[in-house]
Amino acid sequence: MSPRSVTLLSALLAASSVSAAPAALQKRDMVTAVIDGQTVSWENNWFGAPAPTAAPTAIPSSVAAAASSSAAANNAGGQWITASFAGEVFSWQVNAPTATPAATSAAPAPAQPTSVAAPQPSQAGNTDPSCKDVHIFLSKGWNEPYPGRQGKLAGAICYGLDSCDYEDILYYNAEGSDYCTAVSEGDKNGIDQMTAYANKCPASKLVLTGYSQGANIAGDILGGADICAGLNPGLDPSTSPGNKIGAALIFGDNRHVADQSYNVLNGSSVSSNDPRSPDSLARMNKFAGVLRSYCDQADPVCAAAGPGPFTVDNHLNYFDRYTDDAAGWVKYMLGY
(Lines give C-alpha, C1' and ligand atoms only; values in the text may rest on other atoms or scores of the structure.)
Protein backbone atom coordinates (compact mmCIF):
# COMPACT_ATOMS: atom_id res chain seq x y z
CA MET A 1 0.00 0.00 0.00
CA SER A 2 1.32 3.45 -0.83
CA PRO A 3 2.65 5.54 2.09
CA ARG A 4 0.23 8.37 1.30
CA SER A 5 -2.76 6.03 1.72
CA VAL A 6 -1.55 4.67 5.05
CA THR A 7 -0.85 8.20 6.26
CA LEU A 8 -4.26 9.40 5.12
CA LEU A 9 -6.04 6.49 6.78
CA SER A 10 -4.16 7.02 10.03
CA ALA A 11 -4.81 10.77 10.05
CA LEU A 12 -8.51 10.31 9.42
CA LEU A 13 -9.01 7.91 12.30
CA ALA A 14 -6.48 9.12 14.86
CA ALA A 15 -8.75 11.77 16.35
CA SER A 16 -11.88 9.64 16.46
CA SER A 17 -13.04 8.14 19.74
CA VAL A 18 -14.92 4.86 19.87
CA SER A 19 -16.51 3.18 22.85
CA ALA A 20 -15.01 -0.22 23.56
CA ALA A 21 -18.35 -1.64 24.65
CA PRO A 22 -20.59 -3.18 21.99
CA ALA A 23 -24.18 -2.09 21.70
CA ALA A 24 -26.33 -3.94 24.17
CA LEU A 25 -28.14 -6.90 22.70
CA GLN A 26 -31.59 -6.02 23.94
CA LYS A 27 -34.10 -8.74 24.73
CA ARG A 28 -37.81 -8.40 24.12
CA ASP A 29 -40.40 -9.73 26.55
CA MET A 30 -41.17 -13.44 26.42
CA VAL A 31 -44.79 -14.37 25.84
CA THR A 32 -46.26 -17.59 27.22
CA ALA A 33 -49.62 -18.78 25.94
CA VAL A 34 -51.81 -21.78 26.71
CA ILE A 35 -53.55 -23.12 23.61
CA ASP A 36 -55.81 -26.16 23.91
CA GLY A 37 -54.04 -27.05 27.12
CA GLN A 38 -50.56 -26.82 25.58
CA THR A 39 -48.09 -24.16 26.69
CA VAL A 40 -45.98 -22.40 24.06
CA SER A 41 -43.54 -19.48 24.36
CA TRP A 42 -42.15 -16.97 21.93
CA GLU A 43 -40.28 -13.66 21.96
CA ASN A 44 -42.48 -10.61 21.41
CA ASN A 45 -41.74 -8.80 18.15
CA TRP A 46 -44.54 -6.24 18.33
CA PHE A 47 -43.68 -2.54 18.60
CA GLY A 48 -47.19 -1.11 18.83
CA ALA A 49 -48.80 0.67 21.75
CA PRO A 50 -47.70 -0.44 25.22
CA ALA A 51 -49.68 -3.18 26.94
CA PRO A 52 -52.56 -1.90 29.10
CA THR A 53 -51.86 -1.48 32.76
CA ALA A 54 -54.62 -3.90 33.70
CA ALA A 55 -56.13 -6.89 31.99
CA PRO A 56 -58.64 -9.56 32.97
CA THR A 57 -57.09 -12.61 34.51
CA ALA A 58 -59.90 -14.84 33.30
CA ILE A 59 -62.49 -14.87 30.57
CA PRO A 60 -65.29 -12.57 31.77
CA SER A 61 -68.61 -14.34 32.07
CA SER A 62 -70.25 -11.74 29.84
CA VAL A 63 -67.66 -12.40 27.13
CA ALA A 64 -68.07 -16.16 27.46
CA ALA A 65 -71.85 -15.86 27.24
CA ALA A 66 -71.65 -13.62 24.20
CA ALA A 67 -69.23 -16.02 22.56
CA SER A 68 -71.53 -18.92 23.24
CA SER A 69 -74.58 -17.12 21.83
CA SER A 70 -72.74 -16.10 18.69
CA ALA A 71 -71.07 -19.45 18.10
CA ALA A 72 -73.18 -20.34 15.08
CA ALA A 73 -72.40 -17.03 13.40
CA ASN A 74 -68.71 -17.52 14.15
CA ASN A 75 -68.37 -21.10 12.95
CA ALA A 76 -68.62 -22.44 16.49
CA GLY A 77 -66.72 -19.52 17.88
CA GLY A 78 -63.14 -20.67 18.10
CA GLN A 79 -60.83 -21.61 20.95
CA TRP A 80 -60.04 -19.33 23.85
CA ILE A 81 -56.40 -18.38 24.34
CA THR A 82 -54.98 -17.15 27.63
CA ALA A 83 -51.55 -15.53 27.48
CA SER A 84 -49.30 -13.77 29.96
CA PHE A 85 -47.32 -10.78 28.74
CA ALA A 86 -45.19 -8.35 30.77
CA GLY A 87 -46.76 -9.65 33.97
CA GLU A 88 -50.34 -9.23 32.75
CA VAL A 89 -52.80 -11.95 31.71
CA PHE A 90 -54.95 -11.61 28.59
CA SER A 91 -57.69 -13.79 27.09
CA TRP A 92 -59.09 -13.71 23.59
CA GLN A 93 -61.02 -15.94 21.20
CA VAL A 94 -59.66 -17.15 17.91
CA ASN A 95 -62.18 -17.25 15.07
CA ALA A 96 -62.82 -20.70 13.64
CA PRO A 97 -61.98 -21.24 9.96
CA THR A 98 -64.69 -20.32 7.48
CA ALA A 99 -64.34 -23.59 5.59
CA THR A 100 -63.95 -27.15 6.75
CA PRO A 101 -60.54 -28.60 5.82
CA ALA A 102 -60.33 -31.74 3.74
CA ALA A 103 -61.03 -34.88 5.73
CA THR A 104 -58.02 -36.66 7.12
CA SER A 105 -57.55 -39.68 9.30
CA ALA A 106 -55.48 -37.73 11.80
CA ALA A 107 -56.89 -35.02 14.00
CA PRO A 108 -55.61 -31.54 13.10
CA ALA A 109 -52.80 -30.22 15.28
CA PRO A 110 -53.66 -27.40 17.71
CA ALA A 111 -53.33 -23.93 16.20
CA GLN A 112 -49.97 -22.35 16.91
CA PRO A 113 -48.98 -18.66 16.89
CA THR A 114 -46.92 -17.85 13.83
CA SER A 115 -44.18 -16.35 15.99
CA VAL A 116 -43.63 -19.36 18.26
CA ALA A 117 -39.92 -19.93 18.65
CA ALA A 118 -38.74 -23.23 17.22
CA PRO A 119 -35.25 -24.68 16.79
CA GLN A 120 -33.74 -23.40 13.57
CA PRO A 121 -32.77 -26.09 11.06
CA SER A 122 -29.17 -24.84 11.16
CA GLN A 123 -28.83 -25.82 14.80
CA ALA A 124 -29.72 -29.48 14.20
CA GLY A 125 -26.17 -30.38 13.13
CA ASN A 126 -24.41 -28.66 16.05
CA THR A 127 -23.58 -30.73 19.12
CA ASP A 128 -21.48 -28.17 21.04
CA PRO A 129 -23.81 -26.18 23.36
CA SER A 130 -21.73 -23.03 22.81
CA CYS A 131 -22.64 -22.96 19.11
CA LYS A 132 -25.02 -20.27 17.90
CA ASP A 133 -27.25 -20.32 14.84
CA VAL A 134 -25.67 -17.02 13.74
CA HIS A 135 -22.04 -16.12 14.52
CA ILE A 136 -20.55 -12.78 13.44
CA PHE A 137 -16.85 -12.07 12.83
CA LEU A 138 -15.90 -8.38 13.22
CA SER A 139 -12.73 -6.89 11.74
CA LYS A 140 -12.19 -3.50 13.40
CA GLY A 141 -10.90 -0.28 11.89
CA TRP A 142 -7.48 1.28 12.44
CA ASN A 143 -6.64 2.03 16.09
CA GLU A 144 -10.13 1.10 17.30
CA PRO A 145 -10.76 -0.80 20.53
CA TYR A 146 -12.61 -4.08 20.08
CA PRO A 147 -15.23 -4.31 18.61
CA GLY A 148 -15.07 -0.69 17.40
CA ARG A 149 -17.89 1.02 15.57
CA GLN A 150 -19.20 -2.32 14.38
CA GLY A 151 -20.40 -3.22 17.88
CA LYS A 152 -23.56 -1.31 16.99
CA LEU A 153 -23.99 -3.44 13.88
CA ALA A 154 -23.50 -6.71 15.78
CA GLY A 155 -26.18 -5.64 18.23
CA ALA A 156 -28.60 -4.82 15.42
CA ILE A 157 -28.02 -8.13 13.62
CA CYS A 158 -28.50 -10.18 16.79
CA TYR A 159 -31.49 -8.15 17.99
CA GLY A 160 -34.53 -10.40 18.06
CA LEU A 161 -32.60 -13.59 17.23
CA ASP A 162 -32.67 -16.35 19.83
CA SER A 163 -29.23 -17.73 18.96
CA CYS A 164 -26.67 -15.15 17.84
CA ASP A 165 -23.31 -13.78 19.00
CA TYR A 166 -20.05 -12.32 17.65
CA GLU A 167 -16.29 -12.50 18.02
CA ASP A 168 -13.51 -10.11 17.10
CA ILE A 169 -10.91 -10.98 14.48
CA LEU A 170 -7.77 -10.49 16.53
CA TYR A 171 -4.95 -8.32 15.25
CA TYR A 172 -2.77 -5.47 16.51
CA ASN A 173 -3.31 -2.20 14.63
CA ALA A 174 -2.78 0.52 17.20
CA GLU A 175 -1.32 3.89 16.27
CA GLY A 176 2.31 3.44 15.24
CA SER A 177 1.86 -0.18 14.11
CA ASP A 178 2.95 -1.26 10.65
CA TYR A 179 -0.05 -1.35 8.31
CA CYS A 180 0.80 -4.47 6.33
CA THR A 181 2.02 -6.39 9.37
CA ALA A 182 -1.34 -5.73 11.02
CA VAL A 183 -3.32 -6.70 7.90
CA SER A 184 -1.37 -9.93 7.43
CA GLU A 185 -1.97 -10.84 11.07
CA GLY A 186 -5.68 -10.11 10.69
CA ASP A 187 -5.86 -12.15 7.48
CA LYS A 188 -4.35 -15.21 9.13
CA ASN A 189 -6.26 -14.93 12.40
CA GLY A 190 -9.54 -14.27 10.63
CA ILE A 191 -9.26 -17.39 8.48
CA ASP A 192 -8.05 -19.48 11.44
CA GLN A 193 -10.88 -18.25 13.69
CA MET A 194 -13.56 -18.80 11.05
CA THR A 195 -12.20 -22.27 10.26
CA ALA A 196 -12.14 -23.24 13.94
CA TYR A 197 -15.70 -22.08 14.51
CA ALA A 198 -17.02 -23.80 11.38
CA ASN A 199 -15.34 -27.04 12.46
CA LYS A 200 -16.88 -26.80 15.93
CA CYS A 201 -20.30 -25.59 14.71
CA PRO A 202 -20.75 -26.99 11.18
CA ALA A 203 -24.44 -26.05 10.99
CA SER A 204 -24.04 -22.40 12.02
CA LYS A 205 -24.42 -19.46 9.64
CA LEU A 206 -21.39 -17.16 9.58
CA VAL A 207 -21.36 -13.40 8.98
CA LEU A 208 -18.18 -11.47 8.15
CA THR A 209 -17.94 -7.69 8.48
CA GLY A 210 -15.00 -5.29 8.23
CA TYR A 211 -14.55 -1.52 8.43
CA SER A 212 -11.73 0.66 7.05
CA GLN A 213 -8.47 -1.22 7.66
CA GLY A 214 -10.66 -4.08 8.82
CA ALA A 215 -12.40 -3.94 5.44
CA ASN A 216 -9.01 -4.62 3.84
CA ILE A 217 -8.78 -7.72 6.03
CA ALA A 218 -12.34 -8.86 5.31
CA GLY A 219 -11.63 -8.48 1.59
CA ASP A 220 -8.39 -10.46 1.93
CA ILE A 221 -10.24 -13.24 3.79
CA LEU A 222 -12.58 -13.55 0.82
CA GLY A 223 -10.22 -12.74 -2.05
CA GLY A 224 -6.72 -13.33 -0.73
CA ALA A 225 -3.90 -10.92 0.06
CA ASP A 226 -2.19 -8.91 -2.65
CA ILE A 227 -0.55 -5.60 -1.67
CA CYS A 228 0.18 -6.83 1.86
CA ALA A 229 1.63 -10.07 0.56
CA GLY A 230 1.29 -13.26 2.55
CA LEU A 231 0.30 -16.90 2.33
CA ASN A 232 -3.43 -16.15 2.38
CA PRO A 233 -5.12 -17.20 -0.90
CA GLY A 234 -8.60 -16.36 0.38
CA LEU A 235 -11.47 -18.68 1.26
CA ASP A 236 -13.08 -21.12 -1.14
CA PRO A 237 -16.85 -20.55 -1.38
CA SER A 238 -17.40 -24.26 -2.10
CA THR A 239 -15.75 -25.58 1.07
CA SER A 240 -15.88 -24.80 4.79
CA PRO A 241 -15.71 -22.16 6.18
CA GLY A 242 -16.33 -20.27 2.92
CA ASN A 243 -19.57 -22.11 2.24
CA LYS A 244 -20.83 -21.24 5.75
CA ILE A 245 -20.78 -17.48 5.06
CA GLY A 246 -24.37 -16.33 4.73
CA ALA A 247 -23.53 -12.61 4.50
CA ALA A 248 -20.43 -10.40 4.30
CA LEU A 249 -20.22 -6.62 4.74
CA ILE A 250 -17.45 -4.14 3.97
CA PHE A 251 -17.55 -0.45 4.94
CA GLY A 252 -15.22 2.36 3.84
CA ASP A 253 -12.81 -0.05 2.15
CA ASN A 254 -9.44 1.44 1.32
CA ARG A 255 -9.16 -1.29 -1.37
CA HIS A 256 -12.53 -0.38 -2.90
CA VAL A 257 -12.97 -1.13 -6.62
CA ALA A 258 -15.57 0.75 -8.66
CA ASP A 259 -18.55 -0.82 -10.43
CA GLN A 260 -18.74 -4.16 -8.65
CA SER A 261 -22.13 -5.87 -8.44
CA TYR A 262 -22.10 -5.79 -4.63
CA ASN A 263 -21.21 -2.08 -4.28
CA VAL A 264 -23.87 0.07 -2.64
CA LEU A 265 -24.35 3.82 -1.98
CA ASN A 266 -23.35 6.70 -4.22
CA GLY A 267 -19.66 5.78 -4.17
CA SER A 268 -20.30 2.58 -6.10
CA SER A 269 -18.72 3.91 -9.29
CA VAL A 270 -15.57 5.31 -7.64
CA SER A 271 -12.38 3.50 -6.61
CA SER A 272 -9.94 4.07 -3.78
CA ASN A 273 -6.33 5.10 -4.31
CA ASP A 274 -5.24 1.47 -3.88
CA PRO A 275 -7.91 -0.73 -5.50
CA ARG A 276 -7.72 -4.48 -5.08
CA SER A 277 -5.66 -6.32 -7.67
CA PRO A 278 -7.49 -8.09 -10.52
CA ASP A 279 -6.58 -11.61 -9.30
CA SER A 280 -7.69 -10.92 -5.73
CA LEU A 281 -10.81 -9.16 -6.98
CA ALA A 282 -11.74 -12.15 -9.15
CA ARG A 283 -11.51 -14.48 -6.15
CA MET A 284 -13.46 -12.03 -3.98
CA ASN A 285 -16.20 -11.81 -6.62
CA LYS A 286 -16.95 -15.49 -6.07
CA PHE A 287 -18.70 -14.27 -2.91
CA ALA A 288 -20.60 -11.53 -4.75
CA GLY A 289 -23.95 -13.16 -4.03
CA VAL A 290 -23.53 -12.75 -0.26
CA LEU A 291 -21.48 -9.54 -0.21
CA ARG A 292 -22.18 -5.81 0.18
CA SER A 293 -19.57 -3.04 0.05
CA TYR A 294 -20.67 0.34 1.42
CA CYS A 295 -18.87 3.42 0.05
CA ASP A 296 -19.99 7.04 0.20
CA GLN A 297 -18.69 9.23 -2.65
CA ALA A 298 -17.55 11.83 -0.10
CA ASP A 299 -15.52 9.24 1.86
CA PRO A 300 -11.84 10.21 1.35
CA VAL A 301 -10.76 6.58 1.84
CA CYS A 302 -12.94 4.26 -0.28
CA ALA A 303 -13.71 6.96 -2.91
CA ALA A 304 -10.30 8.65 -2.88
CA ALA A 305 -9.87 8.38 -6.66
CA GLY A 306 -13.12 10.24 -7.23
CA PRO A 307 -13.71 13.94 -7.75
CA GLY A 308 -14.83 14.70 -4.18
CA PRO A 309 -15.42 16.96 -2.35
CA PHE A 310 -14.53 14.78 0.62
CA THR A 311 -15.79 14.82 4.19
CA VAL A 312 -13.97 12.89 6.91
CA ASP A 313 -17.24 12.30 8.75
CA ASN A 314 -18.48 10.28 5.79
CA HIS A 315 -15.78 7.74 6.54
CA LEU A 316 -16.43 7.72 10.27
CA ASN A 317 -20.21 7.54 10.53
CA TYR A 318 -21.27 4.55 8.41
CA PHE A 319 -22.74 2.82 11.44
CA ASP A 320 -24.70 5.89 12.51
CA ARG A 321 -26.33 6.03 9.07
CA TYR A 322 -26.50 2.48 7.72
CA THR A 323 -26.63 0.03 10.64
CA ASP A 324 -30.35 -0.68 10.26
CA ASP A 325 -30.06 -1.12 6.51
CA ALA A 326 -27.07 -3.46 6.80
CA ALA A 327 -28.55 -5.51 9.64
CA GLY A 328 -31.85 -5.88 7.79
CA TRP A 329 -30.04 -7.12 4.69
CA VAL A 330 -28.04 -9.64 6.75
CA LYS A 331 -31.20 -11.04 8.34
CA TYR A 332 -32.83 -11.29 4.92
CA MET A 333 -29.80 -13.17 3.56
CA LEU A 334 -29.88 -15.56 6.53
CA GLY A 335 -33.60 -16.23 6.15
CA TYR A 336 -34.91 -14.30 9.16
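The values are calculated or read from the model by the stated rules, or taken from the named source; none is laboratory data. Predicted model only: the values in this text are computed from it and were never measured. We place every Cβ from the backbone using ideal geometry, glycine too, and count neighbours over all the protein chains shown.
Rundown of residues vs (1) part of a helix (DSSP H, G or I); (2) at pLDDT below 95, yes/no style:
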site	(1), (2)
198	yes, no
226	no, yes
237	no, no
260	no, no
267	no, no
275	no, no
284	yes, no
Test result for residue 232, closer than 22 Å to residue 141 by Cβ and in a helix (DSSP H, G or I): no
Residue ID - surrounded by the fewest Cβ atoms within 10 Å (Cβ to Cβ), chosen from residues in the stretch 262-294 that are among the aromatic types (Phe, Trp, Tyr) and closer than 20 Å to residue 318 by Cα: 262
Residues that are surrounded by fewer than 24 Cβ atoms within 10 Å (Cβ to Cβ) and closer than 12 Å to residue 168 by Cα, drawn from the stretch 193-220: 193, 194
Count of residues meeting criterion [touching a helix residue (DSSP H, G or I) at 6+ places or on another chain (Cβ under 8 Å) and surrounded by fewer than 23 Cβ atoms within 10 Å (Cβ to Cβ)] in the stretch 145-159: 3
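Would you call residue 265 in the same structural domain as residue 174 (by TED's automatic domain parsing), of a type in the set (A, V, I, L, M) and on the phi < 0 side of the Ramachandran plot?
It is false that residue 265 is in the same structural domain as residue 174 (by TED's automatic domain parsing), of a type in the set (A, V, I, L, M) and on the phi < 0 side of the Ramachandran plot.
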Only one of 177, 184, 130 that is of a type in the set (Gly, Ala, Ser), exposed (fewer than 14 other Cβ atoms within 10 Å of the Cβ) and at pLDDT 95 or above: 130
Any hit, the stretch 291-314, residues being of a type in the set (Val, Ile, Thr) and part of a helix (DSSP H, G or I): no
